[in-house]
Amino acid sequence: MTATKLNSLGIAKAPKDTRVVVAMSGGVDSSVTAALMAEQGYDVVGITLQLYDHGAALAKKGACCAGLDIHDARNVADKLGFPHYVLDYESRFRQEVIDDFADSYLRGETPIPCVRCNQTVKFRDLLATAKDLQADVLCTGHYVRREEGPEGAELHRAIDPQKDQSYFLFATTRAQLDFLRFPLGGMEKEETREHARRFGLAIADKPDSQDICFVPNGRYAELVEKLRPGAAEPGEIVHVDGTVLGRHDGIIHYTVGQRKGLGIGGRRDEDGNADTEALYVVRLDPSARKVIVGPRAALGRDTVFVGELNWLGDALPGDEGVSIEVKLRSASRPAGATLYSNPDGSGRVVLDTPQHGIARGQAAVFYAPGDSTRVLGGGWITGTEERAEAA
């Protein structure tokens, strides 16, 4: 018998016999993803998740999974002729993402709800639903690449560095990666929009979402106060030398590395001269309700501790360690480091050079060193320290 040729998704079936579930947010990227799959003759099913009470978000376009976006996704499916379903994931999104977001701020962290959403609601729950629908793959509009390597599927940065979303997908597991496909990972954003125009999609020039979807006004602290009454308890702003510099209205308004909006006046030295050195948030102490500030030098850390370590490399580093490059915020540049892992799923990242403004609750995402585009995994930042020999 002649072996069945792999289709463009790497499945040994004809496209018409390959069921593709596409996660459709109503934006340009997921709409083009669905259109490309339909054009290639796949058995496409579009799914849009209603993730929160979208009534308040209707006033602002560009908030993912809001009412207008559900309408846009449905219109795309109708135009291209494939079935489209809206699933109510509101309760699980509230529990897994919104509640975690609020509690993270109470712990003095700086959360990334988009990663939690991908990790739980989308790549766990939606993926399970896709399998229930007998899908062969789940496609999304993320700008990241999935490539077959010697040991199986690998995660790689997108071709377009300005749109690369690999930082937000570090928690994708090997098993999930086997089932996922990212058709846009090899495209520039303008190429995606050209496809949308070619398909005659009304959302071709729709702007990208900028804010966290369930905070369409961008005022995160207001949401935390609403969900957790009493969260904005006042406290002291304290210099690293112990000097009390002022008061704050709640640590939920601050993040490590913050310089602007501290609300404190200038300091003076022993002779009464103005101290013009800029101050930054160095640490948050939620139990004592203190915001600790200091000069930029006080932000430097060369050891980062991570939890919930997800490893996509070929072998866990263990006690021997492995050389990596690590991003400690989505917008930061990768830094050279060595990663050590523990049996309990935690890890320790020792940086080649101290980095500044590392916040608990953010992600440490690992990349293969050098010119490689491969994502090796990542973990949630649980703490930092400065090695004694580096102090």
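Across region 212-249, what is the total count of residues that are in a helix (DSSP H, G or I) and of a type in the set (F, W, Y)? Talk me through it step by step, then tell me what you get.
The first filter runs over region 212-249 and keeps only residues in a helix (DSSP H, G or I), leaving 220-227.
Checking the rest, the ones that are also of a type in the set (F, W, Y) come to 220.
So the answer is 1.
So which of V281, V291 ends up being assigned to a strand (DSSP E or B), within 23 Å of L351 (Cβ to Cβ), at pLDDT 95 or above and within 27 Å of the chain's Cα centre (by Cα)?
On the way: V291 fails: within 23 Å of L351 (Cβ to Cβ).
That would be V281, the only listed residue that is assigned to a strand (DSSP E or B), within 23 Å of L351 (Cβ to Cβ), at pLDDT 95 or above and within 27 Å of the chain's Cα centre (by Cα).
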List, please: which pairs have Cβ atoms under 8 Å, are six or more places apart or on different chains, and start with a residue in region 234-258 that is touching a residue at least 40 places away in the same chain (Cβ under 8 Å) and end with one that is assigned to a helix (DSSP H, G or I) and of a type in the set (V, I, T)? G235/I251; I252/V224
Starting from residues that are at pLDDT 95 or above and among the charged types (D, E, K, R), keep the ones in region 300-328 and report whichever is nearest to the chain's Cα centre (by Cα). K327
Does region 202-213 include one or more residues that are under 30 Å from N75 (Cβ atoms), at pLDDT 90 or above, open to solvent by 60 Å² or more (accessible area, probe 1.4 Å) and more than 22 Å from the chain's Cα centre (by Cα)? yes
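Okay, residues lined up against (1) touching a strand residue (DSSP E or B) at 6+ places or on another chain (Cβ under 8 Å); (2) modelled with pLDDT of 90 or more:
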{"position": "T18", "(1), (2)": "yes, yes"}
{"position": "M24", "(1), (2)": "yes, yes"}
{"position": "G41", "(1), (2)": "no, yes"}
{"position": "K60", "(1), (2)": "no, no"}
{"position": "H84", "(1), (2)": "yes, yes"}
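Of the residues that sit in region 230-244 and are open to solvent by 40 Å² or more (accessible area, probe 1.4 Å) and modelled with pLDDT of 90 or more, which one is nearest to A298 (Cα to Cα)? Write out each step before concluding.
At the first step, the residues of region 230-244 found to be open to solvent by 40 Å² or more (accessible area, probe 1.4 Å) are 230, 233-234, 236, 240-244.
The next check asks that each one be modelled with pLDDT of 90 or more; those that pass are 233-234, 236, 240-244.
Working: E233: 26, P234: 24, E236: 19, V240: 8, D241: 11, G242: 13, T243: 15, V244: 17 Å.
Filtering region 230-244 for residues that are open to solvent by 40 Å² or more (accessible area, probe 1.4 Å) and modelled with pLDDT of 90 or more, the one nearest to A298 (Cα to Cα) comes out as V240.
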Residue pairs, Cβ under 8 Å, 6 or more apart or interchain, first in region 101-127 and more than 19 Å from G218 (Cα to Cα), second in a helix (DSSP H, G or I) and acidic (D, E). List them. T120/E96; V121/E96
Hey, any hits in region 247-269 for a residue that's modelled with pLDDT under 90, touching a helix residue (DSSP H, G or I) at 6+ places or on another chain (Cβ under 6 Å) and among the hydrophobic types (A, V, I, L, M, F, W, C)? no
Residues of region 101-141 being open to solvent by 40 Å² or more (accessible area, probe 1.4 Å), under 19 Å from A171 (Cβ atoms) and acidic (D, E), in sequence order, are D103
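For region 311-380, give me every one of the strands (runs of 3 or more DSSP E) that falls completely inside it and has 1 or more residues that are open to solvent by 20 Å² or more (accessible area, probe 1.4 Å) and over 23 Å from Y254 (Cβ atoms). Walk me through how you get there before you give the answer.
Numbers: elements: 322-327, 335-341, 347-355, 363-367.
By residue number, 322-327, 335-341, 347-355.
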Is it the case that region 146-165 has a residue that's within 19 Å of L49 (Cβ to Cβ) and open to solvent by less than 20 Å² (accessible area, probe 1.4 Å)? no
When restricted to G345, G357, the only residue over 30 Å from Q210 (Cα atoms) and touching a Leu at 6+ places or on another chain (Cβ under 7 Å) is G345
When (1) surrounded by 20 or more Cβ atoms within 10 Å (Cβ to Cβ); (2) in contact with a helix residue (DSSP H, G or I) (Cβ under 7 Å, 6 or more places away or on another chain) are applied to P286, the one that fails is (1)
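The values are calculated or read from the model by the stated rules, or taken from the named source; none is laboratory data. Bear in mind the structure is a predicted one, so any value in this text is a computation, not a measurement. Positions of Cβ are backbone-derived with ideal geometry, glycine not excepted, and every protein chain shown enters the neighbour counts. Calculation scope for accessible area: heavy atoms of the full protein, side chains included, ligands and nucleic acids excluded. Shrake-Rupley method; radii C 1.70, N 1.55, O 1.52, S 1.80 Å.
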